[in-house]
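Here the structure comes first, spelled out in structure tokens, and everything after it is commentary.
The values are calculated or read from the model by the stated rules, or taken from the named source; none is laboratory data. Everything numeric here is computed off the predicted structure, so don't read it as measured data. A quick note on method: Cβ atoms are made from the backbone with ideal geometry, for glycine too, and the neighbour counts reach across all protein chains shown.
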Amino acid sequence: MIFHCGPHTLDLSRPLVMGIVNVTPDSFSDGGQFSTTSLAIEHAMKLVEDGADILDIGGESTRPNAEPVSLEEELRRVIPVIEGIARRCDTPISIDTYKPPVMRAAVAAGASLVNDVRGLQEPGAIEVVAQCNAGVCLMHMPGTPQTMQNDPRYDDVVAEVRDFLLARAAACETAGISRERIMLDPGFGFGKRSVHNIALLRELEPLCRLGYPVLVGLSRKSVLGQITGNDVADRLPASLAAAVVAAMKGAAVVRVHDVKATRDALAVVAAISAVST
């Protein structure tokens with residue numbers, strides 16, 4: 001499968017690694033570590049050195065109960081970082097935002113993928129992506145970061161997530177965004193209890209057979225802490241296990257904090273998959 005985003009054509013014959021660059025003071029895992037432009041750019045370059053296929057830049061935390069960030073503040077955080085990365089490497093850059101003005105400015109600065117936790121539901125968002133030729137990742141999230149963990153309930157979480165993502169993909173295609181530019185994300189940890197997250201990972205293969213590449217973001221998330229009892233800083237082994245399971249079930253992209261360790265784990269998956277029997 002091939003994925004098109006701006007000037008980049010991504011070969012998805014092996015799972016790609018998306019490295020996380022949070023330019024925020026309050027992200028759940030690394031908030032504040034890379035909150036200045038220079039620190040964020042240097043961290044991004046380290047992720048590229050470690051083997052990141054895509055860099056995901058975010059200026060507003062989407063952890064549960066995170067405070068919203070103004071448009072002006074989000075632009076101030078992310079645009080200089082995107083410009084700095086684009087000057088130093090040609091690795092595809094993703095902008096993690098739901099705000100259409102940030103999408104437009106980020107693409108102008110050098111981003112080629114829009115990673116939207118709201119699935120392009122904000123007014124004008126679909127039009128921005130359609131016009132700028134960027135790729136898009138559509139995520140499932142009921143409510144907002146402020147409300148999503150308020151007693152989330154599903155009759156059938158896999159079916160409901162699938163139906164939402166297919167509806168959003170259809171809306172994008174109707175608006176002129178070609179199928180080759182669309183990626184889906186079940187939204188692990190967004191409006192879901194542990195049982196929902198585990199069900200989605202267990203049943204990931206049907207989602208990966210819908211005709212769109214699937215991104216999985218489980219790195220260091222609370223469901224892994226609930227399974228292992230470990231704090232955020234001690235969730236690397238669990239994160240690697242989740243990435244391996246996702247890759248073996250068909251995920252096209254894994255979004256992670258620990259790029260090199262994940263690349264090593266996925267190399268084992270690739271070697272096993274390539275062995276003829």
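Of the residues making up the stretch 69-116, those that are of a type in the set (Val, Ile, Thr) and at pLDDT 95 or above are 78, 79, 81, 82, 85, 91, 93, 95, 97, 102, 107, 114.
Residues that are at pLDDT 95 or above, closer than 25 Å to residue 151 by Cβ, in a helix (DSSP H, G or I) and not basic (Lys, Arg) within the stretch 196-222 comprise 196, 197, 198, 199, 200, 201, 204, 207, listed in sequence order.
Residue 251 meets all of the listed conditions (1) surrounded by fewer than 13 Cβ atoms within 10 Å (Cβ to Cβ); (2) of a type outside the set (Phe, Trp, Tyr); (3) outside any helix (DSSP H, G or I) but one, namely (1). The set of residues from the stretch 213-246 being free of Cβ contacts under 8 Å to residues at least 12 places away in the same chain and either in contact with a Ser or Thr (Cβ under 7 Å, 6 or more places away or on another chain) or acidic (Asp, Glu) (or both) comprises 231, 234. The numbered conditions (1) on the phi > 0 side of the Ramachandran plot; (2) within 15 Å of the chain's Cα centre (by Cα) are all true for residue 65 except (2). Every condition in (1) at pLDDT 95 or above; (2) surrounded by 13 or more Cβ atoms within 10 Å (Cβ to Cβ) is met by residue 159 except one, and the failing one is (2). Count of the stretch 239-277 residues, restricted to those that are under 16 Å from the mean Cα position of the chain (by Cα) and among the β-branched types (Val, Ile, Thr), is 5.
Criterion first (modelled with pLDDT under 95, of a type outside the set (Gly, Ala, Ser) and in contact with a helix residue (DSSP H, G or I) (Cβ under 8 Å, 6 or more places away or on another chain)) does residue 132 satisfy it? Answer is yes for this residue.
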